[in-house]
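Written below as structure tokens is the structure these notes are about.
The values are calculated or read from the model by the stated rules, or taken from the named source; none is laboratory data. None of the values given here were measured: they were computed from a predicted structure. As a convention, Cβ positions derive from the backbone with ideal geometry for all residues, glycine included, and neighbour counts pool all protein chains shown. To get the accessible areas, we keep the full protein, side chains included, count just its heavy atoms, and leave off ligands, DNA and RNA. Shrake-Rupley method; radii C 1.70, N 1.55, O 1.52, S 1.80 Å.
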Amino acid sequence: MELSFIPKSTSCILFLFLLSCTCFISTDGYDILDPNGNITIKWDIISWTPDGYVAVVTMNNFQQYRHIATPGWSLGWTWAKKEIIWSMMGGEATEQGDCSKFKGTPPHCCKKNPTIVDLLPGTPSNQQVANCCKGGVLSSWAQDQANAVSSFQVSVGRAGTTNKTVKVPKNFTLKAPGPGYTCSPAKIVKPSLFIQADKRRVTQALMTWNVTCTYSQFLAHKGPTCCVSLSSFYNDTIVPCPTCACNCQGNSSQTGTCVNGNTPHLASVVSGNNNLAPLVQCTSHMCPVRIHWHVKLNYVEYWRVKVTITNFNYVKNYSDWNMVVQHPNFDNVTQLFSFNYKSLTPYENINDTAMLWGVKFYNDFLSQAGSLGNVQSEILFKKDKSTFTFDKGWAFPQRIYFNGDNCVMPPPDAYPWLPNAGSRREVSLLSLVMSSLAALVFHAYV
């Protein structure tokens, strides 16, 4: 139905506003900075047994900057028939289930819907397979491809013994360690090929199917998990994280939401928290992690930024953390002083996105909240005279991710402005849209 009373210009603004809103409430797995990122689970049947088969299950993390940290992944599915797991290597089922119908040595797992976890480092070699036993930790593809893969071997019984009688499992789930991933149905694909150690022979799986799992921040967390604050040498204003960016402080009856850093019994409060939920320091933003971007120095041909990551979570540290920053001057980075750097090009030829992470054994570990709960580095950019400016917030990032989650940015009209910008600031697009919507509602009811 056409709304004839709405002017075309206002309709356009309304459409853009509603479109932008949908970008924030979408729960699908599409990531604009990593459009092809996913975790692919490959199930290769490598031999038949009298009542089933032996398969190698491999998880490849093709996400550029999203990894799975300790306590690691857990993979689940539902059997299509009455299959059981006789034995496993490189992984184990969390529950055995009811195996009372079997005489002699019972199966490893008799559950209709088993959940599998990785074995821990130090597992005896006779229980290992290649790429197993990392405690479920999966590196991101850009950080460490060699450790972005995990495998286990499973011997399945009471299953088919030919390609025509085997039924693929259903309802795959992946937790890392909580929710966030949505997995596709299993799809039978061309059998995998395996190059032998001598590289002179190639073998082939008897049957292969793939499952693709994609991540959604909105499914993983009830709210944001990080925020961004800003400052600059040319303005005394420090722009903090937006108030209630991740949560709001509860009233006195809501205990456990946050802890004052100066409380005398802080250690006992932290040690008594056994939940996976964050126990954060009481702040106006209530985020577990804050990233501060400070425009530090201006040279003739260069400019310099200091980046500080602070952990406000008292019960969690971040190993192998990473950060993704989108800024137009990343097409001309001169030097990073204590972070690793990799250019990401989600838009093909547009080089404005960078992935940063800590140096191994130096600052790749972000400790729990406290005096050691921060890491920092400085970035030196070379100026492009055709685009460089300190005006209108150009020196600040457009988007920041921490460990794969989008951080809350301050509103653009709050950015530190140049002293000569005057007291009058330009009206933001959001203000124009909201004003137009208010006028639209007013006229609709007049």
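Per 0.36 nm of contour for each residue apart, how much would the distance between residue 348 and residue 237 grow if the chain were fully extended, relative to their Cα-Cα spacing?
Between residue 348 and residue 237, full extension yields an extra 36.3 nm.
Quick check on segment 146-211: take the gyration tensor over C-alpha atoms, sort the square-rooted eigenvalues as a ≥ b ≥ c, and tell me if it's rounded (a/c under 1.5), prolate or oblate.
It comes out oblate by the Cα gyration axes.
Please calculate how many Å² of accessible area segment 279-408 carries per residue, with a 1.4 Å probe and no DNA, RNA or ligand atoms counted.
With all protein chains present, segment 279-408 gives 43 Å² per residue.
Between segment 98-120 and segment 300-374, how many Å separate their Cα centres?
Their Cα centres are 44 Å away from one another.
For residue 130 and residue 384, what does the FRET efficiency come to when R0 = 56 Å and r is the distance between their Cβ atoms, rounded to the nearest 0.05?
So, using R0 = 56 Å, E works out to roughly 0.75.
Two-decimal Rg/Rh of segment 96-240 from alpha-carbon positions, Kirkwood Rh?
Checking Rg against Rh, the ratio lands at 1.10.
Please list log₁₀ I(q)/I(0) at q = 0.17, 0.21 Å⁻¹ for segment 371-423, using the Debye equation with identical point scatterers on the alpha-carbon positions.
-0.81, -1.06
Given the peptides 381-389, 356-364, arrange them by the average over their residues of other C-beta atoms within 10 Å, most packed first.
356-364, 381-389
Mind checking Rg over Rh on segment 287-363, alpha carbons, Kirkwood formula for Rh?
0.99
What whole number of Å gives the distance from the Cα centroid of segment 164-242 to the Cα centroid of segment 49-70?
Going from one Cα centre to the other spans 11 Å.
Tell me the Rg and the Dmax, in Å, that the Cα atoms of segment 305-410 produce.
14.5, 47
Using every pair of alpha-carbon atoms in segment 48-121, split the distances into 5 Å bins beginning at 0 and state the percent of pairs per bin, rounded to integers.
3, 12, 21, 24, 17, 10, 7, 3, 1, 0
With N residues in segment 97-170, what two-decimal value do you get for its Cα radius of gyration over 2.2 N^0.38 Å?
Here the answer is 1.41, to two decimals.
DSSP loop chymotrypsin sites (Phe, Trp or Tyr not before Pro) in segment 280-341 with at most 14 other Cβ atoms within 10 Å of their Cβ, which ones?
Of the chymotrypsin sites (Phe, Trp or Tyr not before Pro), the ones in loops of segment 280-341 whose Cβ has at most 14 other Cβ atoms within 10 Å are 299, 337.
Can you compute the radius of gyration and Dmax for segment 322-368, using only the Cα atoms, both in Å?
Taking only Cα atoms of segment 322-368, I get Rg and Dmax of 11.9, 38 Å.
Express in Å², to the nearest 10, the accessible area of residue 399 obtained by rolling a 1.4 Å probe over the protein heavy atoms while all chains stay in place.
Estimated to the nearest 10 Å², residue 399 gives 60 Å².
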